[in-house]
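Asker: Okay, here's the structure, questions in a sec.
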Amino acid sequence: MIHNVVAVFCGPHNDDGSISYARVDAAIEHALRHDLPLIVAGDGNCGSDVRHFISRAQAAGVLDTTGLYDQGRCTLSDAQQVVGKVAEMFPRRRVHMHLVTDWWHMSRAAIMLMGETRCACLEDLTIRCVNVEGPTPTTNILRGEAQGVTDYLAGTYGERTAYEPWGKPASQPQELHA
């Protein structure tokens with residue numbers, strides 16, 4: 001038996017500081033359309049974004065929601081949390097994950113999810129990519145995404161000096177503006 005789950009990595013805020021709902025709304029729609037559990041992982045705004053998105057999903061009618069927050073503030077920590085939660089939900093089972101994230105973030109997120117399955121008790125994880133069109137990143141962010149994939153595959157992810165994560169309110173919780 002194959003178990004299905006939707007996972008979304010919280011996206012960057014818009015340039016004006018308001019929340020971009022592109023990723024989470026696409027994930028909510030996907031979870032509702034296919035009657036699937038939803039995992040929301042993120043690391044910005046001290047967990048406020050994750051709590052806000054879970055409330056949004058529940059208000060929309062998604063019955064099975066899980067929010068994961070990690071202070072690691074990177075896609076790798078999100079991937080590790082999601083894989084750990086999926087392994088907990090479906091131990092030693094085949095899992096089909098519907099990964100929702102921006103088109104420019106998808107490669108790094110999917111590669112990290114697949115790589116982290118080696119560290120969990122998942123026998124078989126397949127990923128269906130659900131690309132979203134959210135805030136447009138700068139050229140430097142796109143280069144950083146490619147470098148992140150290279151570093152992860154080389155086993156050196158996190159060793160390079162990183163820039164402040166793009167579009168993520170950082171250290172103190174902030175009031176969320178829709």
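Asker: Inside segment 111-137, can you point out the residues that are among the hydroxyl-bearing types (Ser, Thr, Tyr) and touching a Gly at 6+ places or on another chain (Cβ under 9 Å)? If you could, list the steps in order and put the result at the bottom.
Answerer: Residues of segment 111-137 among the hydroxyl-bearing types (Ser, Thr, Tyr): 117, 126, 136.
Residues satisfying the conditions do not exist here.
Asker: Within segment 21-37, can you find the residues that are under 15 Å from the mean Cα position of the chain (by Cα) and not β-branched (Val, Ile, Thr)?
Answerer: Taking segment 21-37 first, the residues under 15 Å from the mean Cα position of the chain (by Cα) are 21-28, 30-31, 37.
Within segment 21-37, Tyr21, Ala22, Arg23, Asp25, Ala26, Ala27, His30, Ala31, Pro37 meet the criteria.
Asker: In addition: For the condition touching a helix residue (DSSP H, G or I) at 6+ places or on another chain (Cβ under 7 Å), assigned to a strand (DSSP E or B), modelled with pLDDT of 85 or more and of a type outside the set (Asp, Glu), what is the one hit in Val5, Val24?
Answerer: On the way: Val24 fails: assigned to a strand (DSSP E or B).
None of the others qualify; the one that does is Val5.
Asker: What are the pairs with Cβ atoms under 6 angstrom where one residue, in segment 90-110, is closer than 12 Å to Val132 by Cβ and in contact (Cβ under 8 Å) with a residue 40 or more places away in the chain and the other, located anywhere, is among the polar types (S, T, N, Q) and in a helix (DSSP H, G or I)? Sequence gap at least six, or different chains.
Answerer: Short answer, once both residue conditions are applied: Ala109/Thr75.
Asker: Something else now. Can you list residue pairs whose Cβ atoms sit under 7 Å apart, with the first residue in segment 150-161 being closer than 17 Å to Ser107 by Cβ and the second being of a type in the set (Ser, Thr, Tyr) and in a loop (DSSP other than H, G, I, E, B)? Count only pairs 6 or more apart in sequence or on different chains.
Answerer: The qualifying pairs are Asp151/Tyr157.
The values are calculated or read from the model by the stated rules, or taken from the named source; none is laboratory data. Keep in mind that this is a model prediction, so the values were computed, not measured. Every residue, glycine as well, gets a Cβ built from its backbone with ideal geometry; the counts of neighbours run over all protein chains shown.
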